[in-house]
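Notes to accompany the following structure.
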Amino acid sequence: MTLDASSPARAANRVTQSYTALAQQIRIAGLQSRTGWFYGLLCGGLLIGLAGTATGVILLGHSWLQLLMAAAIGVLLTQLAFVGHEASHRQVLTSGPANDRIGWVLATVFVGISYSWWMNKHNRHHGNPNKLGKDPDIEVDTFSFVEEDAAGRRGLMAWFTRRQGLFFFPLLLLEGVNLHLKSVVSLWKNRADKGQRLELVVLALRLVVYLAAVFWFLPLGMDFAFIGLQLAVFGLYMGATFAPNHIGMPIVPRDVKLDFLTKQVRTSRNVSGGWWATVLMGGLNYQIEHHLFPAMPRPHLAAARRLVREHCRISDVPYAETNLIVAWGIVIGYLNQVGLAAKDTFRCPIAAQLR
């Protein structure tokens, strides 16, 4: 599904003016004001949770119940990553540098992901969501998100791409490892920069401390299971949260220019569910509002949704929202549909010998 630029310039100008009016409504309602109390309580609760799981690791000893602690750490680190993401958008505090310090500590020290790498990639995504050649999140990697990339796959990768939707969630179990590795690779390539060298050193120290603690308290075998499960839960949780945001929404061609409101709303999808979805997804369930007002604190997104949804109805701009299960189904279906563009050229050598 692609968007086109067939609408007249006059209509585009009308929508642009309507976004200005919407932004004014948001300001008057006070929905851009900071909620430091919320993020203070949230971060405090998450850090207490991490301390509790660390205590559990010590008290449980050589019990396979340790895997429950590993899963809990995976969930808590994902929640901290959500807050780090919000800090990168200036949602937490008023001061930009203060937000960056919080985001840097949460991402680099606790989660183990490069803050600078994430910021660079994510800001490019926000500027041009789902736009070919601009959005790094739809660039071909393990998965193909557009048919022209899928059509270029050959051999084993073509076989995989034709079935990529079926592999999507199982491979998210490895996404935690992927995020850590991409952070290190990016920092290493840019190690001439003093700030990125510092990040690289901190990530290395975090890894050493984490591994030393796990191997000290747990017997061989259980320690590998602990680390593997923690990374699997982290990767699956992160991927399953971010995937419904844009996958399966319209793709913007390279040569198409859209007004800000249309660009952000048409390429984003909300997840219904109210407060529980907000807790589960760290506010990313209000993806449309987040893209329109990226600096808006999480507690205000629900109120903004009511204003934005009514505004889109009046402006005749499609507003996509569905529940989480349906959204995941759309993601899988879209990836499989795109994957069909891959040529079926792979032939199993073993099967060929048996013919």
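Values computed for the structure shown
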{"read-out": "Footprinting exposure proxy for Thr94, Thr142 (fewest neighbouring C-beta atoms within 10 Å first)", "value": "Thr94, Thr142"}
{"read-out": "Other-chain or far-sequence residues with amide H under 5 Å of Glu321's (modelled H)", "value": "Asn270"}
{"read-out": "Pairs of lysine residues in the chain - Cα separation under 14 Å, sequence separation of 8 or more or cross-chain", "value": "7"}
{"read-out": "Karplus-derived HN-Hα couplings along region 147-152 (A = 6.51, B = -1.76, C = 1.60, θ = phi - 60°), whole Hz, x at Gly and Pro", "value": "5, 5, 6, 4, 5, x"}
{"read-out": "Label-point gap, in nm, between Ala295 and Leu166 - each point 7 angstrom along Cα→Cβ", "value": "4.8"}
{"read-out": "Sequence-separation-based contact order of the chain, relative, with Cα cut under 8 Å and 6+ spacing, percent", "value": "28"}
{"read-out": "Contour minus Cα-Cα distance for Leu41 and His126 (0.36 nm per residue)", "value": "27.8 nm"}
{"read-out": "Per-pair calculated FRET efficiency, R0 = 35 Å: His62 and Val140 via Cβ, rounded to 0.05", "value": "0.20"}
{"read-out": "Cβ-based exposure ranking for Ile26, Ile227, in which fewest neighbours within 10 Å come first", "value": "Ile227, Ile26"}
{"read-out": "Ala23 paired with Ala213, simple spin-label distance in nm, labels 7 Å along Cα-to-beta-carbon", "value": "4.3"}
{"read-out": "Span-rule helices in the chain, defined as complete DSSP H runs reaching 24 Å or more along the axis (Cα) with Kyte mean at least -1.0", "value": "9-28, 36-60, 66-88, 194-217, 222-242"}
{"read-out": "Amide hydrogen neighbours beyond the local backbone of Lys131, cut-off 5 Å, H modeled", "value": "Val252"}
{"read-out": "Projected label distance in nm at Val75 and Val109, using a 7 Å step from Cα toward the beta-carbon", "value": "2.5"}
{"read-out": "Residue order, fewest to most beta carbons within 10 Å, for Glu148, Glu175", "value": "Glu148, Glu175"}
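Any read-out appearing in this document is the output of simple, stated calculations on the displayed coordinates, not a laboratory observation. Everything numeric here is computed off the predicted structure, so don't read it as measured data. Note that we place each Cβ from the backbone using ideal geometry, even for glycine, and neighbour counts take in every protein chain shown.
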